[in-house]
Each structure stands twice: as C-alpha cells, then as structure tokens.
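Written below as structure tokens is the structure these notes are about.
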Protein chains: 2
Amino acid sequence: MTAPTLDEDLEDALAGPAAVGGSAAPALRRARAWLTRATEPGSVDLWRWIDDVGPVAAVRALRAGTAPEQARALVGARAGEDASLADLRRADRCGARLVVPEDDEWPALALHPLTVAAHTGDDPGQRDRTTALVPPVGLWVRGDPPLQATVDRSVAVVGARASTAYGEHVAADLGAQLGERGWTVVSGGAHGIDVAAHRGALAAGAPTVVVLACGVDRSYPAAHSAVFARIVDAGGLLVSEWPPGAAPHRHRFLVRNRIIAGLTRGTVVVEAAARSGAQATARRASGLGKQVLVVPGPVTSAMSVGCHELLREPEGGARLVGNAAQVIEAVGSLGDDLVAPAERPASPRDGLSDVARRVLDACPVRTGVSAERLAAVAGCDPLEAVRVLPALELADLVQWTGTGWRLAPPRERG
Amino acid sequence: MTAPTLDEDLEDALAGPAAVGGSAAPALRRARAWLTRATEPGSVDLWRWIDDVGPVAAVRALRAGTAPEQARALVGARAGEDASLADLRRADRCGARLVVPEDDEWPALALHPLTVAAHTGDDPGQRDRTTALVPPVGLWVRGDPPLQATVDRSVAVVGARASTAYGEHVAADLGAQLGERGWTVVSGGAHGIDVAAHRGALAAGAPTVVVLACGVDRSYPAAHSAVFARIVDAGGLLVSEWPPGAAPHRHRFLVRNRIIAGLTRGTVVVEAAARSGAQATARRASGLGKQVLVVPGPVTSAMSVGCHELLREPEGGARLVGNAAQVIEAVGSLGDDLVAPAERPASPRDGLSDVARRVLDACPVRTGVSAERLAAVAGCDPLEAVRVLPALELADLVQWTGTGWRLAPPRERG
C-alpha cells in the first residue's frame, strides 16, 4: 500500500475534523509539515495569510500558484517540492514528531503573546518583516514528554557564548536550582551560558529544553551532540521550527530566539556583552510581556556590561536576580496573577473538556467568527461548540464581538 | 593679656553682629565650639532647642542650669566644664578650624535637607532620637581649602571594610576618575572601600574629604595616619563634628554617616554585605533626597549581596552604576534641576551679595520671623535685610508666611 499523496491528503483534511482525541488530523499535520519546510518563520505577512485561510488551503494555494504574490515570492521554488512525508518519517526515526496548534500538547497559552503580536504588530515602518514576532507554524519536538506540560513552568536562561568562568558557574547553579524546584530550563544549546544552564538542569536530574535553529536530528554546535542526547534521555526535549535536516543558517538564530522567550515565563540573562544578542532576546521577552531577569557581575567584566545596560534602562522593566529563589519569586508571581495560589501554578485551560479546549484553540484573535465556523475548525459538532462557548466566556477566555466569537485579549500585565 | 572667659565672650556675642566679612564672630564660634564638646550630635530635641534660642543663649542656659530639663540631662556634667578656647587652640596647632553656620564657607545648601529633616522628623515613634537626621552644630575642619567650595561638587564613595580585591579596585578607579573630572570624593577614611576611594582621588591629584568619627587631630584607624596627612597636604580636608582629641566611640560612626550623605550630591555604594552599614548610609542618603548609586558585583560574592539588595528594592530608587561617567551623569542631573546647564553646576546662592547670603542663612525653616530678627541674626542693618528679601523671594529661596520670613521648602525631588 502506497502512502497517500500530499494532494490526496489535503483533500481529506478539508473534509474531516481538525483533531481527534487531542491529536491533530494526520493530513493537517502533513500540511503543516510541508509549511515548515516551504516557509521560513518570522514573516508576519505570510503568517497572517496562513492564519486567515488555514494551513491546508494555504498549502493548496501555494502549490497551485494561486496564493498571493507576496506569499509565492517568499516560498519560491519550494512550492513545487514535497518532502512532508519524508520529513515526518525522518523525524519518527530519531524519536521526534511535529507538534501543531491543533494538538493538545501545543503550548497555546505560553505562545499567546506571539499570536497577539502577530496580529497587532502593524507598524508599517517595522524594520524587518522577516524576523517578526509571529507564532510558529508547528514545532518539531524530539523527546517523549508532552511539550505543553514540559514548558508550563519554565524559565529561559540565556547569555553570552564567550562566557567567563563566573557566568558559567552562575548559569549551571541556576539550572540545577531551578531544576530541583520543579522548573524547566529552556535555552538555545549554544556554547557558554546556554549549555552551562542545560548541564546544571541535567545534573539535577531535571528536564531541560533546547530550542534549536536547525533540525532536531542535527547537533549544533556539533560538540554538544552528547549533551543533547543525554537531555533527550533524561526526559528533556529538543525543539525546532525547522524540519529534520535543516541547517543552522545564521539568521535563524535571531528568529529562533523569539521561541525561547515565547515558551517561557521569563528570561534570565546571565552574561551579555554590550549590544549583544542576549540583550535582544531580553527585549523581545519584555515585549511579549514576559519577565526579564538579569544576573549582574563585576563591572570590570566586559561580559557583564550588557547585563548592566539592561538593568540601567529606566523603563526596561528588567529585574536584578542573584539566585534561583529570586527567579522563581519573579516568574511565580505571573502565575499568581492568573490563578489562585496553588501548589503547582495551573492554567485556566486545565479544567476544560477536550471539546472546550479545541473550540478555544479554534478561536481567532481579531475578527470574531460564528460557532459553526469554530466547530468546523475544532472538528466538533456545532451544537457542542454552542454548548461550551458560554463557559469559555465566563472564564474570560473568549469574548462575543457582537458578530462572532474570538479569543479574549490577554490580561493586563502585572 | 589673658583671654576673655567664656562668659565674658558670650556677653559680647549677644551685643555684636553674628558675622563680619563672611566669618562668624569669634564669640559665636567659641559658643559653638563649647557645644561641640558638651553635646553629642544626633539629638533632634537638643538641636531644635539650640536652633530656637540660638547657640549663645543655649550655652548660657546650659551653664546657668536654666536650660530645659531634657537638654540638661543630655549634657550632664559637661555643662560645668569649658575647654572651648583650648579646643580652638588645639585645632589651630594642627592646621584645623571650627567652621560654623555663620561662616561663608558653611555648606548650607548641601546640608539643607538635614535642616528640613530636623524640623519635620516629628514621628514620636522615631526609634532613636539620638541618631536623628539633624545638621551639625559646627564642623571641625583640618586643611586649607574652604569647606563649601570643596564639597560643592562631591560624591560619597562608601562600602564594606572587609572589601574584596574587586571592590577595592573599583573604588580606587572611581576615586581617580571622579577626581580627574573635578569631583571631590567624600568618604569615612575606614579600611577597605573608603580608603581605596580616597587613595584613588589622591593618585589623581584631586582633593578628597574624610569625615571622621573622632577629632581631626586623631587618626582612626591609626594605620591611615599617613594617608590622612597626605590628603591634607594635597588640598583635601579632614572633617568632624567632634572637637580635637575626641575618641571614635562606636555609636559615633552611625551618627557621622549622615554627614557623609549630607555633604554630597549622591552616595555610591561599592561593596556591602547583607544588612550592612553601607546600606544604612545609602538609605539615609535616599531619605535626604540625595542620589543613591550602587556598583554591582558577582552574585557569588557575599560583599555584593547588600548592593544587590539595594538594587532589588522596588521603591528604593537606587541606580546601578558601573563607572565614574555614569556616576557623574546621575549626580550631575540634580544640578540641572536647579540651574540651566553650565560648565560647572552653580548653586542659586552663587549670585547673591554677602548681605543677602547672610540673611538667607539666618532664615528659619519653619516659623517665619521678622526682617528685624533676621537682621539681628545676620548681623546687618534691618533696612539692608528688607532690601534683599524680595530678591531672595523671587529666587524661590525664602517665602513670606503672612507673619514672617522663612526658608522656601526644597523643590520636588527629580
């Protein structure tokens, strides 16, 4: 029996439900797999168009040459290629999968600020519309644990590659202390601060998440292949927007950084040179309403100048932290804003039924749509959608615009 | 010819002017000399009474046993002793003098927040009414340059005695850089950060000021006698509220710290342990409306924990600084609030005539008094006082309460 062609699959996808039993329909996953290879993340125009027409229709339009000119220009010759099935199989062979927004394990709440930013980042003078704050089309994930549960209580620990012994010591200590207290450390797997933080978490026997700028079957830097393998063995995850085999092109690191900020409750900068990438990551986290925490260092160290610059910005909102307890105090308070104090900060989604969660995920951010349309996207009976929407509205998760349903805007930042 | 007795001198003082040619009347200076030995600074009740009746009447009442009971209790047996002339002569022999509020070189503007605090600190629950924020009765000064001009552009650099090599390096560097840029470094002459800052200024050939908790003819710590001598030789000053020969009693250091904060535009804390004296000094500076600047350090260093605590206080107003340029940027802005940007920050007093300055210094903080009373205190003709008061009011330096003249309240903090 031969596998269905992409076009056959897409045909099926339009007819069937988007997800069954918490898992996206296979054809929908295949469409998103195709998009992760054909499109480069970070384009706000492309993301909005895909969000508007849906991934299946977007793939069909791109392959048929009927997509908007701008979208066709961005995809180029890749529109005629299809490695979607091969990519999914290649992922499977290395213990990876593609997680898509239609899956239960999609970290929808954490990524919500990226969705809002993609819809509201309307500044026509925006410098670079190809590194914009847009959500990923899907996330390739290597490792067993569900993505959402792993990053629910997570903190990014980032910093300079050319770190000092002091910075590496602090990063490893933070990684271990955060891990011991049940927090997941997310970082980029790079030399220096990143890998020190991952290693600290590993040493504490805690899961840690590496967000890569290349395929999850690759190791970049190559010297970290053993560390990455141990992370997967120890219940951690390797995560990437790019399909298996993708190369770590230079500009992808900048694009990747928004995922590190987006998946986590806060970003801790351990060492950063003046005007450095770590500072840029911190500013992105701040722009997404996430906590920016900064570890100071000797004023005589060039690797702390960027940290001190962040702390000196009068309106930057960066907070000085010296240990894991102070980090948890800062990111924990965000959780308190959302829910009553609990042993383990829960999300408002926790109590939702499977259907309610799917209807919630189907809600658009800006323009309200009918319950029928939501039911079609959520893959449920329209009557079921009508039944769960009032409860979602009471929980402040969705709102009625007068003409349709949409996601409720995020709460005021604390 | 024998010197006049204290009582003869005081008799004269009541008859003559308070100051002549910018210098306090000798008898007034003698009265204040007596007070610096008989009273321990830091008592808000005693200071208010002296301010109310004037130093000469205060000395007479204390010696005659007619002072209020509380004042008599605080002075005790010292009321019957008189070493005022001996103290003034002893000071003269070591190149020192007593600077009093009636002198032109009195740093009235810098100490103004202490005067305000002494008048307004009315909290009856105030923990310790003997370490209150009150101005000094007089300041014993060793070294040639006038006090006011030396501290006009000054910054306090304070920190731990048990400093690290890192902290001493930073303090010495700040001392040198501030000195090179025309700023006077004020500190307490202690081991560790204090003396490193003084030495940095010395190395830059810049004047530096040591505020001692003992007589200016003594060296505490003894190991710093050579440094203190070099400071005086290099155009710096040793300053103390206590008369020559006074011992550095433990509680005097706490009382002394308010003078370090009071004389300067801002306080830089270089290293401080958790819950340390340097933190207390910083909070006092903040309470006086002076800038609090903090140098961070490794989070692994116990000597930086206090610095980081200051920077983490949400409403503390402490600012992180990493070098002298950032210090000057912070304290310089205070000057900008007062005057138009200038090569050298000027004070509103700069353009005043000698008479106007004396009338201004004679103005009380709280209860307005008549121009006649001001003239008596200022040692000028009442008509002269009446002539200069409108100009002082236009310059926002004094105000008419409806029944008398008093100092205008300090401007809103920036």
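Within the range A:195-218, being among the hydrophobic types (A, V, I, L, M, F, W, C) and either assigned to a strand (DSSP E or B) or under 20 Å from A:Ala160 (Cβ atoms) (or both) holds for A:Val195, A:Ala196, A:Ala197, A:Ala201, A:Val209, A:Val210, A:Val211, A:Leu212, A:Ala213. Residues in the range B:357-382 that are closer than 17 Å to B:Gly16 by Cα and open to solvent by 50 Å² or more (accessible area, probe 1.4 Å): B:Glu372, B:Arg373, B:Ala376, B:Val377, B:Asp381, B:Pro382.
Against the condition in the same structural domain as B:Asp173 (by TED's automatic domain parsing), assigned to a strand (DSSP E or B) and either on the phi > 0 side of the Ramachandran plot or open to solvent by less than 10 Å² (accessible area, probe 1.4 Å) (or both), how does B:Val227 come out, does it pass? Spell out the reasoning first.
Working: in the same structural domain as B:Asp173 (by TED's automatic domain parsing): yes; assigned to a strand (DSSP E or B): no; either on the phi > 0 side of the Ramachandran plot or open to solvent by less than 10 Å² (accessible area, probe 1.4 Å) (or both): yes.
So B:Val227 does not fit the description; no.
With respect to A:Ala282, determine if the residue is hydrophobic (A, V, I, L, M, F, W, C), over 19 Å from B:Cys307 (Cβ atoms), in contact with a Leu (Cβ under 6 Å, 6 or more places away or on another chain) and more than 7 Å from chain B (Cβ to nearest Cβ). So A:Ala282 passes the test.
What do you reckon, is B:Ala33 in contact with a strand residue (DSSP E or B) (Cβ under 6 Å, 6 or more places away or on another chain) and either aromatic (Phe, Trp, Tyr) or surrounded by 23 or more Cβ atoms within 10 Å (Cβ to Cβ) (or both)? Step through it out loud before you land on a result.
Numbers: in contact with a strand residue (DSSP E or B) (Cβ under 6 Å, 6 or more places away or on another chain): yes; either aromatic (Phe, Trp, Tyr) or surrounded by 23 or more Cβ atoms within 10 Å (Cβ to Cβ) (or both): yes.
The answer is yes for B:Ala33.
Within the range B:287-317, the set of residues being closer than 17 Å to A:Arg312 by Cα, crowded, with 23+ Cβ neighbours inside 10 Å and either of a type in the set (Asp, Glu) or more than 7 Å from chain A (Cβ to nearest Cβ) (or both) comprises B:Gln291, B:Val292, B:Leu293, B:Val294, B:Cys307, B:Leu310.
Within the range B:47-88, the set of residues being hydroxyl-bearing (Ser, Thr, Tyr) and outside any helix (DSSP H, G or I) comprises just one member, B:Thr66.
Quick grid of which residues meet (1) away from chain B (no Cβ under 14 Å); (2) closer than 28 Å to A:Val377 by Cα; (3) not aromatic (Phe, Trp, Tyr):
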residue	(1), (2), (3)
A:Arg78	yes, yes, yes
A:Ala108	yes, yes, yes
A:Leu111	yes, yes, yes
A:Val134	yes, yes, yes
A:Gly138	yes, yes, yes
A:Ser154	yes, no, yes
A:Gly159	no, no, yes
A:Glu168	no, no, yes
A:Leu174	no, no, yes
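Residue by residue through the range A:351-364, note down the ones that are β-branched (Val, Ile, Thr) and under 15 Å from A:Trp106 (Cβ atoms). Result: A:Val359, single match.
When you go through A:His249, A:His198, A:His191 one by one, which is the residue that is closer than 26 Å to A:Thr39 by Cα and without any contact (Cβ under 8 Å) to a residue 40 or more places away in the chain?
Working: A:His198 fails: closer than 26 Å to A:Thr39 by Cα; A:His191 fails: closer than 26 Å to A:Thr39 by Cα.
On inspection, the qualifying residue turns out to be A:His249.
Counting the residues of the range A:267-278 that are at negative phi and surrounded by fewer than 24 Cβ atoms within 10 Å (Cβ to Cβ) gives 4. The requirement of being of a type outside the set (Lys, Arg), surrounded by 21 or more Cβ atoms within 10 Å (Cβ to Cβ) and touching a Gly at 6+ places or on another chain (Cβ under 6 Å) is satisfied by B:Thr208.
Does B:Gly192 satisfy the criteria of being open to solvent by 10 Å² or more (accessible area, probe 1.4 Å) and either within 20 Å of the chain's Cα centre (by Cα) or modelled with pLDDT under 95 (or both)?
Working: open to solvent by 10 Å² or more (accessible area, probe 1.4 Å): yes; either within 20 Å of the chain's Cα centre (by Cα) or modelled with pLDDT under 95 (or both): no.
Answer is no for this residue.
Just give me the residues in the range B:318-333 being open to solvent by 30 Å² or more (accessible area, probe 1.4 Å) and either under 13 Å from B:Thr267 (Cα atoms) or within 11 Å of another protein chain (Cβ to nearest Cβ) (or both), in sequence order. Walk me through it before giving the result.
Here is the first cut: in the range B:318-333, the residues open to solvent by 30 Å² or more (accessible area, probe 1.4 Å) are B:319, B:323, B:325-326, B:328-329, B:333.
Answer for the range B:318-333, where residues must be open to solvent by 30 Å² or more (accessible area, probe 1.4 Å) and either under 13 Å from B:Thr267 (Cα atoms) or within 11 Å of another protein chain (Cβ to nearest Cβ) (or both): B:Arg319, B:Asn323, B:Gln326, B:Ile328, B:Glu329.
Can we say A:Arg256 is among the charged types (D, E, K, R) and more than 18 Å from the chain's Cα centre (by Cα)? Write out each step before concluding.
Values: among the charged types (D, E, K, R): yes; more than 18 Å from the chain's Cα centre (by Cα): no.
So A:Arg256 does not fit the description; no.
The number of residues in the range A:166-208 being over 13 Å from A:Phe228 (Cα atoms) and of a type in the set (S, T, N, Q) comes to 2. Residues in the range A:1-22 that are surrounded by fewer than 15 Cβ atoms within 10 Å (Cβ to Cβ) and among the small types (Gly, Ala, Ser): A:Ala3, A:Ala15, A:Gly16, A:Gly21, A:Gly22. Condition check for A:Ala274 on (1) more than 30 Å from A:Gly205 (Cα to Cα); (2) touching a residue at least 60 places away in the same chain (Cβ under 8 Å): one failure, at (2).
Look at the range A:366-388: where a residue is among the basic types (Lys, Arg), no partner that is open to solvent by less than 60 Å² (accessible area, probe 1.4 Å) and at pLDDT below 75 sits 6+ places away or on another chain with Cβ atoms under 7 Å. Looking at the range B:50-70 only, could you name the residues that are open to solvent by 40 Å² or more (accessible area, probe 1.4 Å) and within 19 Å of the chain's Cα centre (by Cα)? Answer for the range B:50-70, where residues must be open to solvent by 40 Å² or more (accessible area, probe 1.4 Å) and within 19 Å of the chain's Cα centre (by Cα): just B:Asp51.
None of A:Ala132, A:Ala176 is in contact with a Gly (Cβ under 8 Å, 6 or more places away or on another chain), outside the structural domain of A:Ile328 (by TED's automatic domain parsing), open to solvent by less than 30 Å² (accessible area, probe 1.4 Å) and not acidic (Asp, Glu) except A:Ala132.
The values are calculated or read from the model by the stated rules, or taken from the named source; none is laboratory data. Model, not experiment: these values are computed from the prediction. Virtual Cβ from ideal backbone geometry, glycine too; neighbours counted across all protein chains shown. Please note that ligands, DNA and RNA were not included when accessible areas were found on the heavy atoms of the full protein model with its side chains. Shrake-Rupley method; radii C 1.70, N 1.55, O 1.52, S 1.80 Å.
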